[in-house]
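Bear in mind that the values in this text are calculations on the coordinates, not laboratory data. Because the structure is a prediction, the values reported are computed rather than measured. We place every Cβ from the backbone using ideal geometry, glycine too, and count neighbours over all the protein chains shown.
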């Protein structure tokens with residue numbers, strides 16, 4: 001089978017960019033976002049997707065086990081993501097996704113098994129409870145650079161400790177116990 005064969009799905013053959021858009025594609029203006037519901041979220045995945053659909057934006061929304069995928073133009077996806085985040089600001093998180101919904105290179109149904117990156121998402125999900133707590137209970141933290149120890153002060157500490165170690169070694173040599 002050659003690459004020019006008509007059975008190849010050219011609709012999804014595109015190269016993702018780091019910002020979620022595509023290079024060498026007729027959908028260069030499309031971006032993707034993952035909406036992840038953290039533990040303790042007051043909204044279910046179905047309520048999230050229903051809320052996004054009710055915005056009536058020209059986007060593709062897909063329900064997932066951890067939230068939703070949103071695909072569409074940058075303007076529409078950002079509006080949908082902002083509205084989704086407002087449902088529960090401390091428990092809903094938005095993340096870039098490099099591939100559109102249903103892309104055969106990443107789709108679990110076509111690949112048989114967990115999709116690439118799912119285990120990373122699973123590890124990130126475990127930290128979301130702590131992130132949510134930090135967002136709910138912000139604390140002021142002062143970050144001050146540590147002062148460097150002067151060479152003289154360091155030498156004084158070394159001189160102070162060194163004789164004590166030598167005394168301990170000499171005492172241990174002569175305090176032998178025989179049974």
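In what order do 148, 33 fall by count of nearby beta-carbon atoms within 10 Å, going from fewest to most? Don't jump to the answer; show the numbers that get you there.
On the way: 148 8, 33 23.
By the 10 Å Cβ count, ascending, the order reads 148, 33.
Tell me, in nm to one decimal, what length is gained between residue 50 and residue 133 on full extension, where the rule is 0.36 nm per residue of separation less the Cα-Cα distance? All intermediate terms of the calculation are to be shown ahead of the outcome.
Working: separation 83, 0.36 × 83 = 29.88 nm, distance 2.65 nm.
Answer, rounded to one decimal: 27.2 nm.
Suppose R0 equals 35 Å. What FRET efficiency, 1/(1 + (r/R0)^6) with r the Cβ-Cβ distance, do residue 29 and residue 153 give to the nearest 0.05? Before the final figure, lay out each step's value.
Values: r = 61 Å, r/R0 = 1.74.
About 0.05, to the nearest 0.05.
Counting other C-beta atoms within 10 Å, which of 125, 133 has the fewest, and how do the rest follow? Could you put the intermediate results ahead of the total?
Numbers: 125 15, 133 11.
So the residues, fewest neighbours to most, are 133, 125.
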